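The values are calculated or read from the model by the stated rules, or taken from the named source; none is laboratory data. The structure presented is a predicted model; accordingly, all values stated were derived computationally and were not measured. Don't worry about glycine lacking a Cβ; one is built from the backbone with ideal geometry, like all the others, and counts go over all protein chains shown. The accessibility values were calculated without ligands, DNA or RNA, using every heavy atom of the protein model including side chains. Shrake-Rupley method; radii C 1.70, N 1.55, O 1.52, S 1.80 Å.
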4 protein chains.
Amino acid sequence: MRDKDQKRDWKFKLHEIIYEADTPTGKLFDVVLLITIIASIIFVMLESVKEFDAEYHNYLNIAEWVVTIIFSIEYILRIISVKKPWKYIFSFYGIIDFLSTIPKYLSLIFMGTQVLIALRALRLLRVFRILKLARYVGASNLLANSLKASRAKILVFLFTVLIISVIFGTVMYFVEGDQSGFTSIPVSVYWSIVTLTTVGFGDIAPVTPLGQFIASMIMILGYGIIAVPTGIVSAEYAAQHRGQLPQVPPQLPKVDMNTESCPNCSAERHKDNAKFCYNCGHILNEHR
Amino acid sequence: MRDKDQKRDWKFKLHEIIYEADTPTGKLFDVVLLITIIASIIFVMLESVKEFDAEYHNYLNIAEWVVTIIFSIEYILRIISVKKPWKYIFSFYGIIDFLSTIPKYLSLIFMGTQVLIALRALRLLRVFRILKLARYVGASNLLANSLKASRAKILVFLFTVLIISVIFGTVMYFVEGDQSGFTSIPVSVYWSIVTLTTVGFGDIAPVTPLGQFIASMIMILGYGIIAVPTGIVSAEYAAQHRGQLPQVPPQLPKVDMNTESCPNCSAERHKDNAKFCYNCGHILNEHR
Amino acid sequence: MRDKDQKRDWKFKLHEIIYEADTPTGKLFDVVLLITIIASIIFVMLESVKEFDAEYHNYLNIAEWVVTIIFSIEYILRIISVKKPWKYIFSFYGIIDFLSTIPKYLSLIFMGTQVLIALRALRLLRVFRILKLARYVGASNLLANSLKASRAKILVFLFTVLIISVIFGTVMYFVEGDQSGFTSIPVSVYWSIVTLTTVGFGDIAPVTPLGQFIASMIMILGYGIIAVPTGIVSAEYAAQHRGQLPQVPPQLPKVDMNTESCPNCSAERHKDNAKFCYNCGHILNEHR
Amino acid sequence: MRDKDQKRDWKFKLHEIIYEADTPTGKLFDVVLLITIIASIIFVMLESVKEFDAEYHNYLNIAEWVVTIIFSIEYILRIISVKKPWKYIFSFYGIIDFLSTIPKYLSLIFMGTQVLIALRALRLLRVFRILKLARYVGASNLLANSLKASRAKILVFLFTVLIISVIFGTVMYFVEGDQSGFTSIPVSVYWSIVTLTTVGFGDIAPVTPLGQFIASMIMILGYGIIAVPTGIVSAEYAAQHRGQLPQVPPQLPKVDMNTESCPNCSAERHKDNAKFCYNCGHILNEHR
């Protein structure tokens, strides 16, 4: 009995250290893990730099093995300390943890590099595991809340940006054509997005006067509508900041949602409770 | 009598399905139509990619016929279900619907592609028909309202941006000249807009020290004045958000609109009710 | 007596038409003048496009003469209708009006084109004369006021942007050197401004890893601090919008302006009314 | 006794002039020093322009000597007027002042230019000494305060920008590869930052359809999230402006900081005072 209790005790402590961050040892574990993850990402990055890899291949190899062993130990400890190991193993983070650990072992069997590098790059996703620390930074909650509150409006905005890009991209394809890089409509739409967001790579640029005129319009439009998401987030954030959450402003002027159109004269935008067409007086939807 | 009623009934139901979105069948119709429109736009886009078209020309041809037939059926149904078909046929959307339907039929007669592609690209405008669904997203009303409220100010701002661009463009034409791409004043103005809106393609870039100095001024200016539309929309949006609509702030310091200038000393900016020049005491406009 | 009165009457009416905008004829005059000015600017622009000028030189010549004659008549009328003509002639707008009128006459005597084109471009400044119409757009006052209120802060901000650009530009000159276009410190500072303002022409771009790392820092900095002028204008504009003008917020935490530093220990940031150093107790400025 | 007093008197006055800015002579000293510093920076800049240096080398040499002598006198006066000279000499500004003064003297001994130019560029840091004048501009305090108040949130934001850049950079490395300039992951991350911040040099640009699609996503993301820092600073600034400092908004919805996860089912996000798992009912952390 005693023995079983002690074993449980030991498991509990391990669980506390690994999965939580409110004991000194738990915090230390998280910080060590964070450093290992960041180091492992930097190693993947450096290995992709050909000149660096050529010179320091051996050191990178050793460093990679160190990271792999630390990840292996962590993975085993995580499985041991949880009561239902299978649940962890097949959870999202369980799979990420597993995939982050195996590339080096696989490289002993297969010699293909590209796929293994891609696999190792998955370690980036492990950063999010550590981000639970971010919850301590109260600030990020305020941020997340105001973004969440303005989500619908930002989506409407992004949708508008996309439609504008498609329309202008199609127009530019006909105006400019192949000679200046507008080789197809998708490429023209890509260029439209590059221009509207004020990025402006310059790999594709209009050369005809009409093309440059339309490009100017896109740029001024992009320069102007950047104000819209900013205004939204500002207002939401200010509201959150003041501690009020007026998601649905009470005095918002009522908008008629009626999508009927008159069967007689095709007039639209009827009142919600309209029975007759405001334009020709014809009866609306008597069969409702 | 019965028969006529039933026919009317049938027409009404059709009208409800096609033109409205508040019955389940009406919503389904709109969703199917939206998907068809988006698919038709994607087909036009893909056909403009030469390599793709070369390989999958037959599939695109079939897809295009499917879309054309769906559009044809829709167009006929729309004409049938409306009481005054001619009014619909010559309405804005009626014409768009017609032009969106015919390109494939025309391609049987004529073989010219460019014009027909341009015609098919018009289908983009059909998206706006579906956007009446957007009215359900209450959010977009708030957005539209705050944009509408700040319309005048945004126009003043855009006009200022244009004047700045023309002035700096003209200056850059004289400073840089042909050797670095500033071949004419319109091109220089185009470059000014590219720079002021912080797009910066780089196809044209100043090379002389003075040109680079002026370019720096334009960039810092553009970086600074982007704050203006943002500030406007933020404030308007915040006002809308709070449910107040102080379009005309009541305590706004009164501005004298008097455009008279003294016939004696040419002084301007007189008080609105001024009878004598504040500068030289000469009588103003006695003949009014 | 009658005659003199009538003459005065005639002059007054002319003055009212030309210098003011609150009678129908006055407004018409302003609109016609605005169109002529804009047309004259477009002619200057088109003449700078070599291909266009080659083909339509004669038409442009005629159009230029028409504009010149209209401007001449307007100039003479302005002189006649003012009581003190010399005051108008040597005023800022008087000189601009004169310079806008003469280029075509001068072209009869001299054949040099560049200087005359530059002179004609001065007509752009005439646009500002018409902008007095903008006073009617009440909106622009609100804009101007909020910009004026935040002027000091925007200057501090621009000064900061300049210092950052100079520092990073100097650093990049030493890091990158000639091989990637950073040929001198001024050019590097120019590149810094291009990057910080998120314009990014790409005519000069870092190629060394360290250079690219520093460039990344500049870009993220530029991306972050664009929030500052926006925040300022937003807040000022919102304050103006609400009709309050809290230029000096009353509860602003008092800031000590004391620039003394202790003659004994060099400590700074003493209280405004400090008599002794807060750090070492030494007496401060007994000789004041 | 008299003599010592007078000497002290003289030293005090000198101290007042050099270290402070609230007497007329003190202000004059600061302005002269500011001009000298700015001139010295401009000389360093001009010397780096090869063509300019080739022609005006002698003038630059003389100007450099004048600046060096003024800095030398200032440095000696600063040492004399302070009671504890060593403290000043080894202070941050003391070292900067010393390093700003010596390059020209060193050039008499060594002939190496690059290092000395770098040393002279350090003079830029002297500008900050003068910035104590900026304290008079009350505006900058408001700015500094609102930036300080939103520091934590801006850091969270910048950290997010970095993570997004690393993830997208890695993805682009695999998608695009060498042929379009994405030669290694660090270079791809650099490109990601260039794109996300809407700078867009264009020295590296995607050429594959998938790469251009992902690039579009990055750009729209960058265009959207620029709203976040702007919103933060706007709200903070507005709060400061109103004279309220609601650093910790009182009605902020309480966020549970509990980082425990259930040892049985691995569920997370328990209430702060949770004793049992909300998901499976298992006891939490009984050994706490």
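Structure summary
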{"quantity": "Output for the stretch C:18-57, where each listed residue is closer than 17 Å to C:Arg126 by Cβ, touching a helix residue (DSSP H, G or I) at 6+ places or on another chain (Cβ under 7 Å) and surrounded by fewer than 17 Cβ atoms within 10 Å (Cβ to Cβ)", "calculated": "C:Leu34, C:Ala39"}
{"quantity": "Filter result for the condition that a residue is more than 16 Å from D:Gly202 (Cα to Cα) and either surrounded by fewer than 20 Cβ atoms within 10 Å (Cβ to Cβ) or touching a strand residue (DSSP E or B) at 6+ places or on another chain (Cβ under 6 Å) (or both), over C:Ile225, C:Ile214, C:Ile193, C:Ile185", "calculated": "C:Ile214"}
{"quantity": "Candidates B:Leu252, B:Leu245, filtered to the one that is open to solvent by 10 Å² or more (accessible area, probe 1.4 Å), in contact with a Gly (Cβ under 9 Å, 6 or more places away or on another chain) and either at pLDDT below 80 or not assigned by TED's automatic domain parsing to the domain that holds B:Ile164 (or both)", "calculated": "B:Leu252"}
{"quantity": "The stretch B:118-166: number of residues that are among the basic types (Lys, Arg) and at pLDDT below 70", "calculated": "3"}
{"quantity": "Tally of residues being farther than 16 Å from C:Ser100 by Cα and at the interface with chain B (Cβ under 9 Å from one of its Cβ atoms) across the stretch C:31-46", "calculated": "1"}
{"quantity": "Candidates B:Thr259, B:Thr197, B:Thr230, filtered to the one that is under 23 Å from the mean Cα position of the chain (by Cα) and at pLDDT below 90", "calculated": "B:Thr230"}
{"quantity": "Any chance D:Thr170 is modelled with pLDDT of 80 or more, farther than 26 Å from A:Val228 by Cβ and more than 7 Å from every other protein chain (Cβ to nearest Cβ)", "calculated": "no"}
{"quantity": "Where D:Ala21 falls short, out of the listed (1) at pLDDT 80 or above; (2) not in a helix (DSSP H, G or I)", "calculated": "(1)"}
{"quantity": "Verdict on C:Glu74 being without any contact (Cβ under 8 Å) to a residue 60 or more places away in the chain, in a helix (DSSP H, G or I), farther than 25 Å from B:Phe174 by Cβ and open to solvent by less than 40 Å² (accessible area, probe 1.4 Å)", "calculated": "yes"}
{"quantity": "Test: residue in the stretch C:94-103 that is buried (at least 19 other Cβ atoms within 10 Å of the Cβ) and closer than 28 Å to A:Pro209 by Cβ", "calculated": "yes"}
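Conditions tested, residue by residue: (1) within 7 Å of chain B (Cβ to nearest Cβ); (2) free of Cβ contacts under 8 Å to residues at least 40 places away in the same chain.
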| residue | (1), (2) |
| --- | --- |
| C:Ile193 | yes, yes |
| C:Leu196 | no, yes |
| C:Phe201 | yes, yes |
| C:Thr208 | no, yes |
| C:Gln212 | no, yes |
| C:Ala215 | no, no |
| C:Leu221 | no, no |
| C:Thr230 | yes, yes |
| C:Glu236 | no, no |
